[in-house]
Amino acid sequence: MNKRLPEKLILVILLVSMLAAGSACGVTRVSASPVLPTSSLMVPAESAETGEVSESGQLPVSAASEQRSLTSVMPVAKDVVRADLMSGALSSEVYFTASDTRAMSNYMLGSMFVHSGKMLYGSKHTENGDPYFCRMKFTAGSKGMYVRETEMIESGVDVRYLTLYGDDLFYIRNDLETGASSVVRYSVSDDSAGSLKVLYNGTCDYLFLRSGRLYFTDGDNHLISMNTDGEEMKQILADKEVFFPYLISDDILLFQDDADGETLHLRQLSTGREIRISNVRSYEYILSGTDLFYSGVEDETDEYTDMRARLYRADLSSVLSEENLSSLSDANIGTERSELFMGTRFSINGDHLNASNYRTVPLGSWDTLSDNEYEAGYTSACQYVSESFEIFYDYNSEGLVDRVLFYEPSFKRSSYIELG
C-alpha cells in the first residue's frame, strides 16, 4: 500500500514559469542526536536476508498477452570509492552525487517518467483525467521543449516506479479496472520491442533497482528481492514492515518505520543492526552528499490532509563514514528544521530544491523552501527531474491533471505539452 498523504486540490491561477519563493527564515536546531528507541541497535543471530521464497509464496508468472507497456528510468545510488593518499589503501563511504540525488528524488516522486535521448516514457492523461501509458518523442527548440509524437502503449493502467536497465524497462503496473498489481519487464530494444513478462504477480509497491537486482515490497510490506529475470527471489527483512525503502549502498537500507511512529531508520542488511535517524513523523526523504533532507510533521494533532510539514536536514556524515559503516552504530547526528511550513512533496535537482506550486530555492537556502498555500493544497507538483529539464503536472479544481509542463532550469523557460 502506498502511504503517500491525501492531497486537497483547489483551482487557482496556474503559473507558467518556476517562481523563486520563500522569505528568508531562521533554522531551528532540533537535537544533537535523534531520540533512539530502547532497542535502537538490534543484532539478530542470523543475517537479515532470510533466503528463497517458498513455492507457496508469490512466484514470478510468465504472461503472454496483448498488453504492451513501456517507460522510465531510476538510476541507482552508488558508493563512492576513494583512495587514502597516505596509505594508498582504498576505502568505501556513501556519498550521493547530483545524479544519485536526482535518482532518489524521482523514486520519492514515484518514478513517473524516464527519458533516453529524445524519447520520454511515462503517462499522459485523457481529458477525463484517466492515465495511459505511452512514449513521447520530444524536441528542444528555441522557444522551449515540445512533444512531436506520442504513441500509446497501453490504456487502463497506472504505471509507477519505472526503471530502465539496459534494453529492459521494469515497472509496477496497476490495472485500473481490477486493482491488481504486478512487477513487469518490457523490452525496449528494436529487435524485441513488445515482449512483456510479468515477473511478480501480486500486491507490490516501491520498486527500485540496485546492483542488477530488483527490490520491492509485497502485500505484507516486506522487502523482496529478485534478479531481472524474476528468479532467485528472496525475502529481505521478514520481521519488518517498511515504507519508502531505498538502498543507499549495497548493505545499508533507509526506510520509514510505521511501527516506530513513522520515523526514518537505517538498517545494515548483513548484520541486522538498526538505528533511528528522525524523531518526527517523516515522509519523503532525499540524500544529497551526506545530508538527508526529509519532510516531517511534529504536531500529532495534525491530520494527514493538513500537510503541515516542515523540511528537515540531518547531517549523516558521521553515520556514513567508513568506520561506522563497517558496523552500523549510533553517532551524533546534527538535525536542523525549517521554520516555514511546506507540503510533503519536494525534490532536489542539482543546486536547487522544488516544492509544490512551482516554488524553488537554491540548495543552500533549503530552510526557506515553503508552500504558502499548504492549507489549501496545491495546484501543481513536480513529477520528474533530470539534468536538462523537469516535468510538472497542473491540476484542475477536481484534482485531475489539467496540463503538463516542461521546465528547463538552465534557460529558465517553460513550455506546456498537449494533454491527450
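Screening E231 with (1) open to solvent by 10 Å² or more (accessible area, probe 1.4 Å); (2) in contact with an Asp or Glu (Cβ under 9 Å, 6 or more places away or on another chain); (3) touching a residue at least 60 places away in the same chain (Cβ under 8 Å) gives one miss only, at (2). For the stretch 238-251, the set of residues classified as touching a Leu at 6+ places or on another chain (Cβ under 7 Å) and surrounded by fewer than 21 Cβ atoms within 10 Å (Cβ to Cβ) consists of D251 only.
Going through (1) surrounded by 17 or more Cβ atoms within 10 Å (Cβ to Cβ); (2) over 13 Å from V147 (Cα atoms); (3) touching a residue at least 40 places away in the same chain (Cβ under 8 Å) one by one, Y393 falls short only on (3). Considering T139, T203, T150, T178, the condition of being under 20 Å from the mean Cα position of the chain (by Cα) and either among the polar types (S, T, N, Q) or at pLDDT 95 or above (or both) is satisfied by T203 alone.
Filtered by the rule that a residue be under 21 Å from the mean Cα position of the chain (by Cα) and farther than 14 Å from Y215 by Cα, the stretch 165-174 gives G166, D168, L169, R173, N174. With respect to the stated conditions, S295 is touching an Asp or Glu at 6+ places or on another chain (Cβ under 6 Å) and in contact (Cβ under 8 Å) with a residue 12 or more places away in the chain.
Pairs linking a residue in the stretch 357-368 that is closer than 15 Å to G343 by Cβ to a residue that is acidic (D, E) and open to solvent by less than 40 Å² (accessible area, probe 1.4 Å), with Cβ atoms under 8 Å and 6 or more positions apart or on different chains, are N357/D371; R359/D371.
Yes or no, residue by residue, for (1) part of a loop (DSSP other than H, G, I, E, B); (2) in contact with a helix residue (DSSP H, G or I) (Cβ under 8 Å, 6 or more places away or on another chain):
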site	(1), (2)
R313	no, yes
L320	yes, no
T344	yes, no
W366	no, no
F392	no, no
S414	no, no
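Considering only residues in the stretch 270-287 that are open to solvent by 10 Å² or more (accessible area, probe 1.4 Å) and over 18 Å from T344 (Cβ atoms), the one that is modelled with the highest pLDDT turns out to be R276.
Among residues of the stretch 112-132 that are open to solvent by less than 50 Å² (accessible area, probe 1.4 Å), those with a Cβ under 6 angstrom from a residue that is among the aromatic types (F, W, Y) and part of a loop (DSSP other than H, G, I, E, B), sequence gap 6+ or separate chain, pair up as G122/F113. Screening S410 on (1) open to solvent by 40 Å² or more (accessible area, probe 1.4 Å); (2) within 19 Å of the chain's Cα centre (by Cα); (3) among the small types (G, A, S) shows it passes everything except condition (2).
If a residue has to be open to solvent by 10 Å² or more (accessible area, probe 1.4 Å) and either in contact (Cβ under 8 Å) with a residue 40 or more places away in the chain or in contact with a Gly (Cβ under 9 Å, 6 or more places away or on another chain) (or both) to count, how many in the stretch 146-181 make the cut? Steps first, answer last, please.
Step one: list which residues in the stretch 146-181 are open to solvent by 10 Å² or more (accessible area, probe 1.4 Å), which gives 146-156, 158, 160, 164-168, 173-181.
Going one step further and asking which of them are either in contact (Cβ under 8 Å) with a residue 40 or more places away in the chain or in contact with a Gly (Cβ under 9 Å, 6 or more places away or on another chain) (or both), we end up with 146-147, 150, 153-154, 160, 164-165, 168, 173, 175-177, 180-181.
Adding up the residues that qualify gives 15.
Only one entry of T101, T139 meets the criterion of being open to solvent by less than 30 Å² (accessible area, probe 1.4 Å) and either closer than 16 Å to V404 by Cβ or not in a loop (DSSP other than H, G, I, E, B) (or both), and that entry is T101. Scanning the stretch 247-261 for residues that are touching a residue at least 60 places away in the same chain (Cβ under 8 Å) and either within 17 Å of the chain's Cα centre (by Cα) or within 14 Å of L287 (Cβ to Cβ) (or both) returns L247, I248, S249, I252, Q256. Any residue at all in the stretch 330-339 that's hydroxyl-bearing (S, T, Y), buried (at least 23 other Cβ atoms within 10 Å of the Cβ) and closer than 25 Å to E387 by Cα? No, that holds for no residue. Regarding the stretch 255-264, can at least one residue be identified that is open to solvent by less than 10 Å² (accessible area, probe 1.4 Å), among the charged types (D, E, K, R) and modelled with pLDDT under 95? There is no residue in the stretch 255-264 that is open to solvent by less than 10 Å² (accessible area, probe 1.4 Å), among the charged types (D, E, K, R) and modelled with pLDDT under 95. Looking across the stretch 346-357 at every residue that is part of a loop (DSSP other than H, G, I, E, B) and within 21 Å of D394 (Cα to Cα), the one that is modelled with the highest pLDDT is identified as F346.
The values are calculated or read from the model by the stated rules, or taken from the named source; none is laboratory data. Fair warning: this is a prediction, and the values are worked out from it, not measured in the lab. Cβ atoms come from the backbone with ideal geometry, glycine included; neighbour counts cover every protein chain shown. When the accessible area is computed, the model is the full protein with side chains, heavy atoms only, and any ligands, DNA or RNA have been set aside. Shrake-Rupley method; radii C 1.70, N 1.55, O 1.52, S 1.80 Å.
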